[in-house]
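K.L.:
This is the structure, below, for whatever I ask next.
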Amino acid sequence: MTPSDKSRSAPSRKRSKKTVVRPPESPLAGTTEAKKQATELHARLQELSRRAAELENRVGELNHELEKTRNEARESDARATELERRSQRVPALEEEAAALRRRLAESEEGRDAARKENGRLETQAAGLKQQVEASEARISESNQRVGALERELIEAREAEAKAREDSLRELEEVRRRLAESEEGRDAARKENARLESRAQSADTRTSEANRRIGALERELVEAREAEAKARAGESQAAQLRETAERLRAETARLEKTRSEQQRWLEELGQTVVDLERQLQEAGSTKPAKALPPPAPSEPAAPPPPPMAETTLRPQHLFGPVGADGHPSHVLQELLFRDAAGVVYRARERATGRTFAARFVAGQAGEEQTLAIEREVERLIALPHPNILHVQGSGRRKNRLYLMMDLVEAPTLGQAKIRDIRRVCAVVRDAAEAVHYAHEEGILHGDLNPENILVASPEGRDHALVKDFGLGRLLESLVPLTPGKDAGTPIRNPAYLPPEQTRALKPALSPSVDVYGLGATLYAALAGRPPFEGKDMPQVLTRVMFEEPLPLERVRPDVPEALAATVRRAMAKESGHRFGSAKELADALTRFLIP
């Protein structure tokens with residue numbers, strides 16, 4: 001007997017001692033038969049008590065086995081749930097898990113039935129105690145009731161055996177289901193491995209397709225460069241032809257003039273001959289009179305003094321007609337020239353107010369003019385402190401111009417700020433301004449260090465973002481000098497995201513400006529653009545297929561957190577960048593907070 005059996009039998013012996021009841025003195029005690037029957041009755045009652053204790057122990061073991069079965073069923077349910085979550089291709093596991101739950105419910109019902117049976121047996125044991133107290137008065141009835149109890153105990157044993165067999169069958173069924181679940185999990189693992197293999201194959205094919213697309217895009221860029229060169233050559237040839245035609249016309253005109261002058265000289269020579277003949281005839285008749293000396297020629301009038309330079313020259317006036325019949329604005333001086341056109345300092349004649357006037361490069365038709373005027377109307381309604389205010393627009397001889405606030409400040413590229421925190425603060429303010437424009441439905445599309453001014457009022461850096469949407473709109477204009485300007489990009493490709501440098505450009509989205517801000521921050525910190533090359537096709541190729549040199553290698557004093565922020569902003573895939581310019585601004589703010 002094991003210690004556990006001894007521990008289970010110990011309560012039974014104690015209970016047997018408690019249930020032994022000595023028979024009271026009976027009138028039949030004098031007879032040997034009555035004593036013998038009473039002794040047998042006590043022995044049978046003790047046996048019944050012992051059997052009841054054993055039954056309780058067996059019921060406890062059954063409960064323990066049922067609890068174990070329940071735990072195993074729970075583990076099986078957890079494994080089935082895990083398998084269901086990992087593999088959606090094995091729907092049969094759900095049905096098996098449901099079957100296991102039903103089995104578990106049935107096991108719970110069996111345990112409840114066993115508990116009820118145990119309670120019923122305990123009630124019967126209490127009744128036996130009452131019967132023992134009255135056994136001497138009703139010995140014959142006790143014999144019958146003992147027989148009934150024996151039958152009930154037999155039925156209880158049969159019920160216990162049946163419950164045990166059912167439990168064993170349930171355990172076997174659970175084991176079988178678990179084995180099938182393991183097989184299903186192995187099948188799911190194989191299916192997952194097959195799918196992973198197919199996914200890797202698909203990734204390989206996608207990479208190959210991307211390489212082929214890149215090669216085709218490079219070929220397309222080269223073809224476009226060749227086409228641009230061919231167009232430039234054709235334009236130069238057309239100019240040469242026009243020059244030759246002008247030279248031919250000028251030669252014909254000069255030849256005609258020479259012929260007329262020759263004829264005039266011949267006529268003049270004939271006149272001189274006639275005059276000499278007439279003089280000879282006159283000399284033969286009378287002396288010739290002395291001709292008076294030629295009068296001194298009058299001195300030539302001095303040339304008029306050069307006209308003083310004035311800003312009221314017609315070529316310097318532009319804008320709507322004022323009260324005096326002249327255009328209301330006048331150009332004063334050229335400030336700078338870039339790929340998008342020229343910028344002048346201008347003045348309003350009536351009030352003396354000065355402003356900046358940008359005359360864009362290219363000739364605009366009606367459609368382009370209307371598009372730019374609509375965009376300017378939207379820009380006028382952007383009263384953000386970090387956006388250069390646009391005042392209006394107009395057209396002078398098919399050339400568009402924009403009027404904006406005059407801010408004499410260097411760009412971020414010209415300022416060459418070396419302090420990391422100052423650069424981050426300027427780009428942070430620019431990112432907040434760009435996010436404000438995004439909320440108004442306006443995209444920039446050409447963010448780079450030359451489109452961010454850095455004013456310094458009272459010694460503090462103040463960022464101003466300018467030229468919202470200008471580069472994108474000007475790309476559709478006709479160049480003023482095709483032979484010279486053909487193929488010259490308005491927007492700097494070193495700061496454009498890869499999707500904007502491909503042949504098939506998607507629609508602009510806020511992620512384009514997020515990339516431009518990240519590239520601007522890179523250039524301001526590194527002191528050079530993120531991508532460089534000997535020509536435009538090389539720059540485009542590097543933008544599409546290469547990563548910029550890590551910022552921490554270009555400038556070791558840049559913190560790793562800031563370098564990671566720049567890398568995320570300049571991710572090749574738009575989905576890997578910051579979700580908005582505000583998120584980039586928040587990241588820079590966290591860096592600036594000490």
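K.L.:
So which residues in the range 571-583 are in contact with a Lys or Arg (Cβ under 8 Å, 6 or more places away or on another chain) and either in contact (Cβ under 8 Å) with a residue 60 or more places away in the chain or of a type in the set (Val, Ile, Thr) (or both)?
P.N.:
Listed by number, the residues that qualify are Arg577, Phe578.
K.L.:
Among the residues of the range 534-554, are any of a type in the set (Ser, Thr, Tyr) and more than 12 Å from the chain's Cα centre (by Cα)?
P.N.:
yes
K.L.:
A further question on this structure: Out of all the residues in the range 547-564, is one or more assigned to a loop (DSSP other than H, G, I, E, B) and under 27 Å from Leu443 (Cα atoms)? Write out each step before concluding.
P.N.:
The first filter runs over the range 547-564 and keeps only residues assigned to a loop (DSSP other than H, G, I, E, B), leaving 547-550, 555-559.
Keeping just the survivors that are under 27 Å from Leu443 (Cα atoms) gives 547-548.
Yes, the range 547-564 contains at least one residue that is assigned to a loop (DSSP other than H, G, I, E, B) and under 27 Å from Leu443 (Cα atoms).
K.L.:
Return the pairs, sorted by first residue and then second, in which the second residue is among the acidic types (Asp, Glu) and surrounded by 18 or more Cβ atoms within 10 Å (Cβ to Cβ), the first residue lies in the range 378-403 and is assigned by TED's automatic domain parsing to the domain that holds Phe468, the beta carbons are less than 7 Å apart, and the residues are 6+ apart or on different chains.
P.N.:
Asn386/Asp429; Asn386/Glu432
K.L.:
Can you pull out every residue in the range 320-370 that is among the small types (Gly, Ala, Ser) and surrounded by 15 or more Cβ atoms within 10 Å (Cβ to Cβ)? Quick ask: steps written out before the conclusion?
P.N.:
Going residue by residue through the range 320-370, those that are among the small types (Gly, Ala, Ser) are 322-323, 325, 328, 339-341, 346, 350, 352, 356-357, 361-362, 364-365.
Correct list: Ser328, Ala340, Gly341, Ala346, Ala356, Ala357, Ala361, Gly362, Ala364.
K.L.:
Could you list, in sequence order, the residues of the range 513-546 that are farther than 27 Å from Arg211 by Cβ and in a helix (DSSP H, G or I)? Steps first, please.
P.N.:
Applying the first criterion (farther than 27 Å from Arg211 by Cβ) to the range 513-546 yields 513, 517, 520-521, 523-528.
Answer for the range 513-546, where residues must be farther than 27 Å from Arg211 by Cβ and in a helix (DSSP H, G or I): Asp513, Leu517, Thr520, Leu521, Ala523, Ala524, Leu525, Ala526.
K.L.:
Moving to a separate point now. Tell me, yes or no, whether the range 124-137 has at least one residue that is of a type in the set (Ser, Thr, Tyr) and modelled with pLDDT of 70 or more.
P.N.:
No; the residues of the range 124-137 include none that is of a type in the set (Ser, Thr, Tyr) and modelled with pLDDT of 70 or more.
K.L.:
Restricting to the range 561-583, what's the tally of residues that are under 17 Å from Met544 (Cβ atoms), hydrophobic (A, V, I, L, M, F, W, C) and under 10 Å from the mean Cα position of the chain (by Cα)?
P.N.:
Number of matching residues: 1.
K.L.:
Next question. Is it the case that the range 556-563 has a residue that's within 18 Å of Cys424 (Cβ to Cβ), surrounded by 16 or more Cβ atoms within 10 Å (Cβ to Cβ) and among the acidic types (Asp, Glu)?
P.N.:
No; the residues of the range 556-563 include none that is within 18 Å of Cys424 (Cβ to Cβ), surrounded by 16 or more Cβ atoms within 10 Å (Cβ to Cβ) and among the acidic types (Asp, Glu).
Residue by residue, here is whether (1) modelled with pLDDT of 80 or more; (2) surrounded by fewer than 18 Cβ atoms within 10 Å (Cβ to Cβ) holds:
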residue	(1), (2)
Ala73	yes, no
Ala97	no, no
Leu104	no, no
Ser107	no, no
Ala114	no, no
Glu122	no, yes
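K.L.:
How many residues, within the range 573-589, are surrounded by 21 or more Cβ atoms within 10 Å (Cβ to Cβ), under 22 Å from Val543 (Cβ atoms) and not charged (D, E, K, R)?
P.N.:
Residues in the range 573-589 being surrounded by 21 or more Cβ atoms within 10 Å (Cβ to Cβ), under 22 Å from Val543 (Cβ atoms) and not charged (D, E, K, R): 3 in total.
K.L.:
Of all the residues that make up the range 542-558, how many are out of contact with any helix residue (DSSP H, G or I) (no Cβ under 6 Å at 6 or more places or on another chain) and in contact (Cβ under 8 Å) with a residue 60 or more places away in the chain?
P.N.:
1
K.L.:
Another question, if that's okay. Using the structure shown, decide if Leu62 is in a helix (DSSP H, G or I), under 30 Å from Ile154 (Cβ atoms), at pLDDT 85 or above and under 60 Å from the mean Cα position of the chain (by Cα).
P.N.:
It is false that Leu62 is in a helix (DSSP H, G or I), under 30 Å from Ile154 (Cβ atoms), at pLDDT 85 or above and under 60 Å from the mean Cα position of the chain (by Cα).
K.L.:
Quick one: in the range 470-501, which of the residues that are at pLDDT below 80 and charged (D, E, K, R) is surrounded by the fewest Cβ atoms within 10 Å (Cβ to Cβ)? Steps first, answer last, please.
P.N.:
If we filter the range 470-501 for residues that are at pLDDT below 80, which is where we start, we get 470-491.
If we keep only those that are charged (D, E, K, R) as well, we get 472, 475, 484-485, 491.
Working: Arg472: 18, Glu475: 14, Lys484: 12, Asp485: 16, Arg491: 22.
The extreme case among them is Lys484.
The values are calculated or read from the model by the stated rules, or taken from the named source; none is laboratory data. This structure is a prediction, so every number in the text was calculated from the model and none was measured. Heads up, the Cβs are rebuilt from the backbone with ideal geometry, glycines too, and the neighbour counts pull from every protein chain shown.
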